1. Would you kindly identify the strands (runs of 3 or more DSSP E) lying entirely within region 57-155 that contain at least 1 residues that are under 17 Å from GLU47 (Cα atoms), at pLDDT 95 or above and of a type in the set (Gly, Ala, Ser)?
2. Can you tell me how many residues in region 8-28 are part of a loop (DSSP other than H, G, I, E, B) and either within 17 Å of ARG147 (Cα to Cα) or modelled with pLDDT of 95 or more (or both)?
3. If you check every pair at least six apart or on different chains, which have Cβ atoms under 8 Å apart with a residue in region 161-181 that is farther than 20 Å from LEU34 by Cα first and a residue that is in a loop (DSSP other than H, G, I, E, B) and β-branched (Val, Ile, Thr) second?
4. Tally up the residues in region 36-56 that are among the polar types (S, T, N, Q), open to solvent by less than 10 Å² (accessible area, probe 1.4 Å) and not in a strand (DSSP E or B), please.
5. Could you run through region 94-118 and say how many residues are open to solvent by 50 Å² or more (accessible area, probe 1.4 Å) and under 19 Å from PRO161 (Cα atoms)?
6. Condition first: polar (S, T, N, Q), out of contact with any helix residue (DSSP H, G or I) (no Cβ under 7 Å at 6 or more places or on another chain), open to solvent by 20 Å² or more (accessible area, probe 1.4 Å) and farther than 18 Å from LEU17 by Cβ. Can you find one or more residues in region 119-131 that meet it?
7. Pick from region 156-181 the residues that are open to solvent by less than 70 Å² (accessible area, probe 1.4 Å) and in a loop (DSSP other than H, G, I, E, B): which of them is nearest to TYR98 (Cα to Cα)?
8. If you go through region 100-122 one residue at a time, do you hit one that is among the aromatic types (Phe, Trp, Tyr) and touching a Gly at 6+ places or on another chain (Cβ under 7 Å)?
Amino acid sequence: GAARCGFAEDKKPASPLDYKLRDIDGKDYELAKLKGKVVLFVNVASECGYTPQYEGLQELYTKYEKDGLVIVGVPSNEFGKQEPGTDDEIKQFCTSKYKVTFPMMSKVVVKGKGQIPLYKTLVEATPAPNGMIQQVGWNFEKFLVGRDGKVSGRFKSAVAPNAEELIKAIRTELDKTAPPQ
C-alpha cells in the first residue's frame, strides 16, 4: 500500500496514553498514569440530546472502576456548539446534575482546526473498514483503550453506556492482564 503520509511504516502512532491534558480544574493530567487500566475517552457536551449519557457513564464507572476502568470526559464544542460553557460551568453541570466522579478534562478541540494530538491519535487508530480516517462524528463518541495502551474499540454517540456491545468490549479488556510497565 501507499506509505501513510507523515510517518514511515514502522513508526507506530503513539499510545493515546502518551499525552498530557489539562483537567477541568486546570491542572496537568498525565494520561500515562492510566497505563495498565482500561480507559474510555468520551467527548462530552452539556446541551446535547445525548447529554443524559452522563448518567450511564457514571454508572459504568461506579460499577467497573474497582476492576480498572477509567472514563475520561473530554468536553468539546465542535458539534452543534453544544458545549458553550466554561470549564467551571461544565464542572458545575456534571457534578450537580449527574454526580460525575470520573476524570473530566478541560474543554478542547477534538475535530478540525486545532484538534488535539490525543484525538488525532484516536481517530487514526480507528479507521473505517476502507482505511479512511473518520473524524469524530458527534458528542459522546467513545474510544476504548485497552490495558496495553492501544485503542481497541470505537463506538458511535448512539451507543449508550449500557449498550451490550460497549459493556462486552469493556469487560473483554478488563479481563486481560496488564502488560508489565
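1. Working: elements: 69-75, 142-145, 151-155.
Passing ranges, in order: 69-75.
2. Number satisfying all stated conditions: 8.
3. Note: pairs meeting the criteria are GLU165/VAL159.
4. Final tally of qualifying residues: 1.
5. Within region 94-118, residues that are open to solvent by 50 Å² or more (accessible area, probe 1.4 Å) and under 19 Å from PRO161 (Cα atoms) number 4.
6. yes
7. Checking each candidate, the answer is PRO161.
8. Yes; the residues of region 100-122 include at least one that is among the aromatic types (Phe, Trp, Tyr) and touching a Gly at 6+ places or on another chain (Cβ under 7 Å).
The values are calculated or read from the model by the stated rules, or taken from the named source; none is laboratory data. Computed from a predicted model, the values in this text were never measured in an experiment. Ideal geometry is used to build each Cβ from the backbone, glycine not excepted, and the neighbour counts take in all protein chains shown. Ligands, DNA and RNA are excluded from the accessible area calculation, which covers all protein heavy atoms including side chains. Shrake-Rupley method; radii C 1.70, N 1.55, O 1.52, S 1.80 Å.
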